[in-house]
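Report on the structure given below.
The values are calculated or read from the model by the stated rules, or taken from the named source; none is laboratory data. It should be emphasised that the depicted structure is a prediction, and the values quoted were computed from it without experimental measurement. Neighbour counts run over all protein chains shown; Cβ positions are idealised from the backbone, glycine included. All accessible areas refer to the heavy atoms of the entire protein, side chains included, with ligands and DNA or RNA removed. Shrake-Rupley method; radii C 1.70, N 1.55, O 1.52, S 1.80 Å.
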Amino acid sequence: MKYIKPIFSLFIAVAFAFSCNPPQQKVQTSDVAAMGMKWELVSNFTDSGYTARINLVNKNEQPLTDKNWAVFFSIAPSKILTTDTPQPARLEHLNGDWYKLTPNAGFSLKAGDSVDIIYKATEGRIKETDQPLGIYMVFYDGEGKEERIAKIDDYTLIPFTRKEQLLRGTADMEAPASAAKTYLENASLSVLGPDQLLPIIPTPAHFSKGNGSFKLEGTPIYYVGTVKNEAEILSAKLKEITGKDFALSEGAADKKSIFLSVDPSVLKEKKPESYQLSINENGIIITGTDAAGVFYGVQSLLALIPSSVYLNKNEQATVPFVTIDDTPRFGFRSVHLDVSRNFQTRETIFRVLDVMAQYKLNHFLLYTSEDEGWRVEIPGLPELTQVGAQRSHVSSIDAPALHPAYGSGPFAYDKGHYGSGYYTRNDFIEILKYAKQRHITVIPELNFPGHARAAIKSMEARYQRLMKEGKEEEANKYRLIDPADKSVYLSAQMYKDNVVNVARESTYRFFEKVVDEFAKMYEEAGLKMEIFHAGGDEVAEGAWTQSPEALELLRQHPEIKDPKNLQTYFFGELLKRLEKRNLVVHGWEEVALTKDASGKYVPNAEFANRKVVPYTWNNLFDYPDLAYNLANAGYQVVLCNVSNFYFDLAYNNDPKEPGLYWAGFIDSKDAWAFAPFHMFNTTLRGAMGNELHWDTPAANLQALKPEARKNIIGVEAQLWSETIKGRDMLEYYMLPKLIGFSESAWSPERKWETQPNRQLRLQQINTGWNQFANSIAQKELPRLAHTNGGYAYRVPPPGVIVENGRAKANVALPGITIHFTTDGSEPTQQSAVYTAPVPVTGTLKFKTFDAAGKPGRTVTQQGGGLQQKMD
């Protein structure tokens, strides 16, 4: 994995070696500008979006004029609107989330002075993660040439406290974030005793408990057949948990031992990945229908070890006498991780795979190409990682290089930023091997024709290099654009240049080259690549409309009719090539759709009986029943519902909770409370917090036909990384949401999924969730705290409300302890434990701690109950 390189050399390489402009004078890079900046969200209660204020302070910099400076930063992308009054400077959208602040005529800012700039933009903003990030200045000489680049480190965010800052606008139906709101949301929860908790998550199909327990104290492990890998993993995990050695032997088991084997007929269904686990006084027997079944039996055995053993290795590890017959609900249980917007190291990927395996998830869509980054080394195309794997300042979006995004700042590989990095071939092969050992299939991805800017810019750098060498034919071999294309468009993420040219053979040749190189990596890992994800989503309206090459293609193929149909044409041509490689082609929902005369997406019958698997996410907006439409039409479908499975959406609307919210908010309960075959029963809120009634006949939505159930092949959780910076943030977003997701992916249908009465269904959901939430707090978090040195999971903050002069507190995961102080000091685990309402006489502070001592955020309650603060 290439992650840390000298900043200066990389910056020079990107900014100059691949520049499309003539050689220029060297730009000086300095660490910090003698400037300060503040950003304040003024209000979301405007006509079209939000108003914000930027305050610039010249602390000790050269005098700023109307020509010699600009400030660049990343910010949640929005269209900039005209302000009511003239401003000293203007904010300009460059591309994606990259913006530029430049002076208007007559601007002057001397050392010691400050200035306010007001701007307006579309869409309300309520999160601290929406603020400007990666802020830096570029200084220009008298001729307008860049002469110095310097970061602005003296930056202040004005806190979000007012209603007009806490809500997304007048249409927001959510209550403003507060500890009191949290308390009311937690009101139906209560603490359960240990005997009322779920013994295993995800819940097995059949579970019976006997009387007695079996001691795990260096118990020998025996195995036969092809399950040596599973035996080795079990031995290593038991040692990690208990600190004791568990010896391995191949062959028949003795008494008081653990025995692993495969027997395809151990269960009546003979379903892949199934297992039987038996624990009694004679020992432990795990029998799988295949090696994967044995592996999942191992996970259930580990889950039966009391959480107290994880917290104290001196405690005797015992497991109860049980008999378990278990089989997964879905054969496809997946996690998608975007490492392109912000990079994650190979070691972090290993940690993700480990926790996926713990919760019996078996597919991993590794999203390694996007507008903002290309993350896997491809032999023969070095520019993909030399250019496409790093972001830094460029003088123009036309340069064959990647500009900053998502706060990556002006310098590639800058410490504390995550815009640059890639996996070498060996890294990727090691990821494949690591996943294989845990029965996880890694699905590679190349998102075309949109979301392709990193590939486009990389191949433009290649083109320019080879043209300079006089190799025109080779230069054009993998070129991805029509150089004469004048199409104007703006993608969903506000890119102006992220769509490849579908009329060029070189585009298809590039795709095939990448696919073939991935296949070779699978071969070296001892695997066969059977699935490839082709992306295919969010191609901007207007793409190809002014491309001479695309228009010529339309002339030659009048049946295509319109440029908007070129996406379907492209996928059809691509599919022919991937089918020759005997690949099952996965993609976002658009790959199975076509546009009718009005521009509306409808299922495309052309690909229904071919190896095409759409992933459907859009269940809240234009097409709430799309997944069922496609399944009823014969497509195999993966459910990725944004209302339940988009883990990059924030847990709630608290400004300090990081994440996106364009489709609302997602917590662990949402990931758990999902009915795959009756999804309208669990889609109860819209993106703005509005109540939905799609579970009634009046909604007139297409239900899933009984015979089409087999076409729902599984579910996938999504982790897009626009706001995710580094490993800890990734794990915070993922956990404990992933635990709830695992129940939806593996466990049998729950009674409430088919309950037609909405009120009874909600009661049943709340009862079931109370048990599940208690099990997360009391069993799963202690495990996660000590697995792999500890995961950075989220501990929810307390809810606090004042009634009759007394503060009452609760927590979203019962079993987590609340500590408090009455003198305004920060609570610790030595502070008083909350058990009953506390008189509000001064400054109270409440803080949550789980059993492993991991804290949540602090809630401050001022005397009189008039002010609350969530730190």
task = Please verify whether segment 163-174 includes one or more residues that are assigned to a loop (DSSP other than H, G, I, E, B), more than 30 Å from Ala70 (Cα to Cα) and out of contact with any Gly (no Cβ under 8 Å at 6 or more places or on another chain).
result = yes
query = In segment 249-265, what residues are open to solvent by less than 50 Å² (accessible area, probe 1.4 Å), in a strand (DSSP E or B) and within 18 Å of Leu301 (Cα to Cα)?
reply = Ser257, Ile258, Phe259, Leu260, Ser261
Yes/no for Ile117 being touching a residue at least 24 places away in the same chain (Cβ under 8 Å) and either outside any strand (DSSP E or B) or within 26 Å of the chain's Cα centre (by Cα) (or both) = no
query = From the list Gln778, Gln763, which residue is within 26 Å of Gly193 (Cβ to Cβ), surrounded by fewer than 20 Cβ atoms within 10 Å (Cβ to Cβ) and of a type outside the set (A, V, I, L, M)?
reply = Gln763
task = Under 6 Å between Cβ atoms, at least 6 apart or on separate chains: pull out the pairs that start in segment 306-331 with a residue that is β-branched (Val, Ile, Thr) and end on any residue that is outside any loop (DSSP other than H, G, I, E, B) and surrounded by fewer than 16 Cβ atoms within 10 Å (Cβ to Cβ).
result = Thr318/Lys215; Val322/Lys209; Thr323/Ser208
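Please enumerate the residues belonging to segment 632-644 that are out of contact with any Lys or Arg (no Cβ under 8 Å at 6 or more places or on another chain) and either acidic (Asp, Glu) or over 17 Å from Phe741 (Cα atoms) (or both).
Passing the criteria: Ala633, Gly634, Tyr635, Gln636, Val637.
For Ala89, are the conditions met, namely being surrounded by fewer than 18 Cβ atoms within 10 Å (Cβ to Cβ), out of contact with any helix residue (DSSP H, G or I) (no Cβ under 7 Å at 6 or more places or on another chain) and of a type outside the set (S, T, N, Q)?
No.
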Checking Phe571 against (1) under 29 Å from His693 (Cβ atoms); (2) among the aromatic types (Phe, Trp, Tyr); (3) not in a loop (DSSP other than H, G, I, E, B), the condition it does not meet = (1)
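Residue-wise test of (1) open to solvent by less than 50 Å² (accessible area, probe 1.4 Å); (2) closer than 25 Å to Leu554 by Cα; (3) modelled with pLDDT of 95 or more; (4) of a type in the set (Ser, Thr, Tyr).
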position: Arg453; (1), (2), (3), (4): yes, yes, yes, no
position: Glu469; (1), (2), (3), (4): no, no, yes, no
position: Ala475; (1), (2), (3), (4): yes, no, yes, no
position: Ala484; (1), (2), (3), (4): yes, yes, yes, no
position: Ser487; (1), (2), (3), (4): yes, yes, yes, yes
position: Lys496; (1), (2), (3), (4): no, yes, yes, no
request  = Starting from residues that are open to solvent by 40 Å² or more (accessible area, probe 1.4 Å) and assigned to a loop (DSSP other than H, G, I, E, B), keep the ones in segment 266-281 and report whichever is nearest to Lys313 (Cα to Cα).
outcome  = Glu281
request  = Go through segment 283-300 and count every residue that is of a type in the set (A, V, I, L, M) and either at pLDDT below 95 or crowded, with 24+ Cβ neighbours inside 10 Å (or both).
outcome  = 4
inquiry  = Can you say whether Gly740 is out of contact with any Ser or Thr (no Cβ under 6 Å at 6 or more places or on another chain), within 26 Å of Trp588 (Cα to Cα), in contact (Cβ under 8 Å) with a residue 40 or more places away in the chain and not aliphatic (A, V, I, L, M), as far as the supplied structure shows?
reply    = no
query = Which one of these is touching a residue at least 40 places away in the same chain (Cβ under 8 Å) and over 30 Å from Leu402 (Cβ atoms): Leu166, Leu81?
reply = Leu166
query = Any idea which residue in segment 832-871 is modelled with the lowest pLDDT, counting only those that are open to solvent by 20 Å² or more (accessible area, probe 1.4 Å) and among the polar types (S, T, N, Q)?
reply = Gln867
query = So which pairs qualify, if the first residue must be in segment 819-838 and of a type in the set (Gly, Ala, Ser), the second must be surrounded by fewer than 15 Cβ atoms within 10 Å (Cβ to Cβ) and assigned to a loop (DSSP other than H, G, I, E, B), the Cβ gap must be under 9 Å, and the two must be at least 6 apart or on different chains?
reply = Gly824/Gly842; Ser831/Ser825
key: Among the candidates Ile713, Ile739, Ile724, Ile666, residue that is at pLDDT 95 or above and in contact with a Gly (Cβ under 7 Å, 6 or more places away or on another chain)   = Ile713
inquiry  = Checking the structure you have, find out if any residue of segment 655-674 is closer than 30 Å to Asn609 by Cβ, surrounded by 20 or more Cβ atoms within 10 Å (Cβ to Cβ) and not aliphatic (A, V, I, L, M).
reply    = yes
key: Single residue of Lys237, Lys209 found to be closer than 29 Å to Glu780 by Cβ, outside any loop (DSSP other than H, G, I, E, B), within 28 Å of the chain's Cα centre (by Cα) and of a type in the set (D, E, K, R)   = Lys237
inquiry  = Regarding segment 235-247, can at least one residue be identified that is open to solvent by less than 20 Å² (accessible area, probe 1.4 Å), among the aliphatic types (A, V, I, L, M) and farther than 23 Å from Glu281 by Cβ?
reply    = no
message = For segment 29-53: of the residues being closer than 16 Å to Glu123 by Cβ and assigned to a loop (DSSP other than H, G, I, E, B), which is most open to solvent (accessible area, probe 1.4 Å)?
response = Asp47
query = Of the residues that sit in segment 484-540 and are under 23 Å from Glu383 (Cα atoms) and of a type in the set (Lys, Arg), which one is nearest to the chain's Cα centre (by Cα)?
reply = Lys496
ask   = Do we have any residue at all in segment 746-754 that's open to solvent by 40 Å² or more (accessible area, probe 1.4 Å), in contact with a helix residue (DSSP H, G or I) (Cβ under 6 Å, 6 or more places away or on another chain) and either assigned to a helix (DSSP H, G or I) or not aliphatic (A, V, I, L, M) (or both)?
value = no
Filter result (closer than 20 Å to Pro132 by Cα, touching a Ser or Thr at 6+ places or on another chain (Cβ under 6 Å) and open to solvent by 10 Å² or more (accessible area, probe 1.4 Å)) within segment 359-406 = Tyr406
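Which of the following residues is touching a residue at least 40 places away in the same chain (Cβ under 8 Å) and touching a Lys or Arg at 6+ places or on another chain (Cβ under 7 Å): Leu432, Leu361, Leu384, Leu365?
Leu361
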query = Would you call Tyr635 crowded, with 17+ Cβ neighbours inside 10 Å and either basic (Lys, Arg) or under 19 Å from the mean Cα position of the chain (by Cα) (or both)?
reply = no
query = Hey, does segment 618-632 have a residue that's open to solvent by 10 Å² or more (accessible area, probe 1.4 Å), touching a residue at least 40 places away in the same chain (Cβ under 8 Å) and over 25 Å from the mean Cα position of the chain (by Cα)?
reply = yes
query = If you go through segment 180-196 one residue at a time, do you hit one that is modelled with pLDDT of 95 or more and on the phi > 0 side of the Ramachandran plot?
reply = no
